[in-house]
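Chemist: Here it is: the structure, laid out below.
The values are calculated or read from the model by the stated rules, or taken from the named source; none is laboratory data. All values derive from a computational prediction rather than experimental measurement. Positions of Cβ are backbone-derived with ideal geometry, glycine not excepted, and every protein chain shown enters the neighbour counts. Ligands, DNA and RNA are stripped out before the accessible areas are found, and what is left, the full protein with its side chains, is counted by its heavy atoms. Shrake-Rupley method; radii C 1.70, N 1.55, O 1.52, S 1.80 Å.
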Amino acid sequence: MKIRIAFLQLFTFSLIIFFSAESQAQLATQKAFTQKMELPGNGDLGTQVLRMAESFLGTPYVASTLEGNPTEKLVCKFDGLDCTTLVESSIALALAKSENLNYDGYKTELTKIRYRDGVIDGYPSRLHYVLDWMYENEKRGLLEDITSKVGGVPFKKEINFMSTHANFYPALDNTEVWEKIKEQENIINSREYSYIPKASLQKAEPMLRDGDIVAFTSSVEGLDCNHMGIITKIGNRAYLLHASLAGKKVILSALPLAEYVASVPKHTGMIVARLTEQ
């Protein structure tokens, strides 16, 4: 009996520590949100997105930021980002700033950006593929895929990386979840897309603007994009602000965009989206 009581006490104590740590993390995130809402805010939405992204410079890179939860839930983190969560967080913060939203309003915007129809309904409801993410956010009027307007050519590739590499994704152990992901891949493959080949990127750079969202198409079989980030312009050259695995933090690329993409063998080109005024 004493062992049982001691175990229950230890379990209860562990729960208290866990929920206390989670609560403290949320309070820290809310405090950071409030500080970011105090940043100067002017210019179009793309400019505000870039300003928010710049506020993360130096933030540690954390891979797979959204993975590892037993059930799908909204993850809000400002103290560690991967390339996708940097982009999503910067957009949601810019929207919150322009619309004078509180922290709950920010989370609502983040949910709309990250999940199909803005509804969290299990692992498949998250927009896992960049092509799907751009399509859905364009459909709801947040952005426009401008790739074809800045030198894009048809992008033809069979997208099936998740369903063919289910061992990389613990959630896909569930057959029903795997089938939903496969169904989504089939829908992605039914659409038409454009991309700018890496050899043509320097010609496209003058047409890019501060705050444009870019993603880099992949040489990996079945995968649409390797990486994404946000454009900042210096003269006619474009540079990439991104959460860098190699740099281990959020950085501004030392090389102009075309040279950066040329330096990464698995990048084959780029797709571009521009934020629309709300």
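Chemist: Based on the mean of other beta carbon atoms within 10 Å per residue, what is the order of 235-245, 260-270, most packed first?
Modeler: 235-245, 260-270
Chemist: A further question follows. Going 7 Å from the Cα of VAL220 in the Cα-to-Cβ direction, what parts of region 117-132 have a backbone nitrogen less than 18 Å from that spot?
Modeler: The answer is 127-132.
Chemist: Moving to a separate point now. Under a GNM of the chain (C-alpha, springs under 10 Å), which listed residue has the highest mean-square fluctuation: LEU66, LEU74, LEU27?
Modeler: Its mean-square fluctuation being the largest, the pick is LEU27.
Chemist: Using only DSSP helix segments of four residues or longer, with each worth -39500 (n - 2.57), what per-residue ellipticity at 222 nm results for the chain after dividing by its residue count and rounding to 500?
Modeler: Mean residue ellipticity, 222 nm, calculated: -13000 deg cm²/dmol.
Chemist: At a threshold of 8 angstrom on Cα-Cα distance, excluding pairs fewer than six apart, so keeping six or more, what relative contact order does the chain reach in percent?
Modeler: 22
Chemist: Another question about this same structure. Of all GluC sites (Glu not before Pro) in region 147-199, which ones are in loop regions per DSSP and have a Cβ with at most 14 other Cβ atoms within 10 Å?
Modeler: Those satisfying the criteria are GLU158, GLU192.
Chemist: Moving on to the next point. Using the alpha-carbon atoms, what tilt in degrees (0 to 90, nearest 10) does helix 175-189 show relative to the longest principal axis of the chain?
Modeler: It is inclined by approximately 10 degrees.
Chemist: Once you list every other residue whose beta carbon is under 14 Å from the beta carbon of LYS112, what net charge do they have if Lys and Arg are +1 and Asp and Glu are -1?
Modeler: -2
Chemist: Rank ASP212, ASP117, ASP145 by mean-square fluctuation in a GNM of the chain with C-alpha springs under 10 angstrom and give only the top-ranked residue.
Modeler: Looking only at ASP212, ASP117, ASP145, the biggest GNM fluctuation is shown by ASP117.
Chemist: If you don't mind, there's one more thing I want to ask. How far apart, in nm, are the 7 Å Cα→Cβ label points at ASN189 and ASP79?
Modeler: Here the answer is 4.3 nm between the modelled labels.
Chemist: If you line up the long axis of helix 130-139 against the longest principal axis of the chain, both from Cα atoms, how many degrees apart are they, to the nearest 10?
Modeler: 80
Chemist: Still on this structure: For the chain, report the convex hull volume of the alpha-carbon atoms normalised per residue, in Å³, without decimals.
Modeler: Spread over its residues, the Cα hull of the chain gives 146 Å³ apiece.
Chemist: For the chain, give the percent of accessible area contributed by carbon and sulfur heavy atoms, probe 1.4 Å, rounded to a whole number.
Modeler: With neighbouring chains kept in place, the figure for the chain is 55 percent.
Chemist: With springs connecting C-alpha atoms under 10 Å apart, model the chain as a Gaussian network and identify which of GLY118, GLY229, GLY43 has the largest mean-square fluctuation.
Modeler: Of GLY118, GLY229, GLY43, the Gaussian network model singles out GLY43 as fluctuating most.
Chemist: When the chain is fully extended, how far beyond the present Cα-Cα distance does LEU255 get from THR276, taking 0.36 nm per residue of separation? Intermediate values should be presented prior to the final figure.
Modeler: Details: separation 21, 0.36 × 21 = 7.56 nm, distance 2.76 nm.
Gain in length upon complete extension: 4.8 nm.
Chemist: Could you order peptides 126-134, 197-205 by the average number of other Cβ atoms within 10 Å of their residues, highest first?
Modeler: Going by the mean number of other Cβ atoms within 10 Å, highest first, we get 126-134, 197-205.
Chemist: Mind giving me the nanometre distance, one decimal, between the label points for LYS139 and GLN24, set 7 Å out from Cα along Cα→Cβ?
Modeler: According to this spin-label approximation, the distance is 4.2 nm.
Chemist: Taking only the Cα atoms of region 32-171, how large is their convex hull per residue, in Å³?
Modeler: Looking at region 32-171, the number lands at 132 Å³ per residue.
Chemist: Could you tell me how far the Cα centroid of region 148-190 sits from the Cα centroid of region 64-111, in Å?
Modeler: When both Cα centres are located, 23 Å separates them.
Chemist: Could you work out how far helix 45-54 tilts from the main Cα principal axis of the chain, as a 0 to 90 degree angle to the nearest 10?
Modeler: 60
Chemist: Given 0.36 nm per residue, what is the gain on full extension from ASN102 to VAL153 after removing their alpha carbon distance, in nm? Before the final figure, lay out the partial values.
Modeler: Values: separation 51, 0.36 × 51 = 18.36 nm, distance 4.11 nm.
Here the answer is 14.2 nm.
Chemist: On a 1.4 Å probe surface of the protein chains, which of SER55, SER98 comes out largest in accessible area, and what is the full order?
Modeler: Largest to smallest exposure gives the sequence SER98, SER55.
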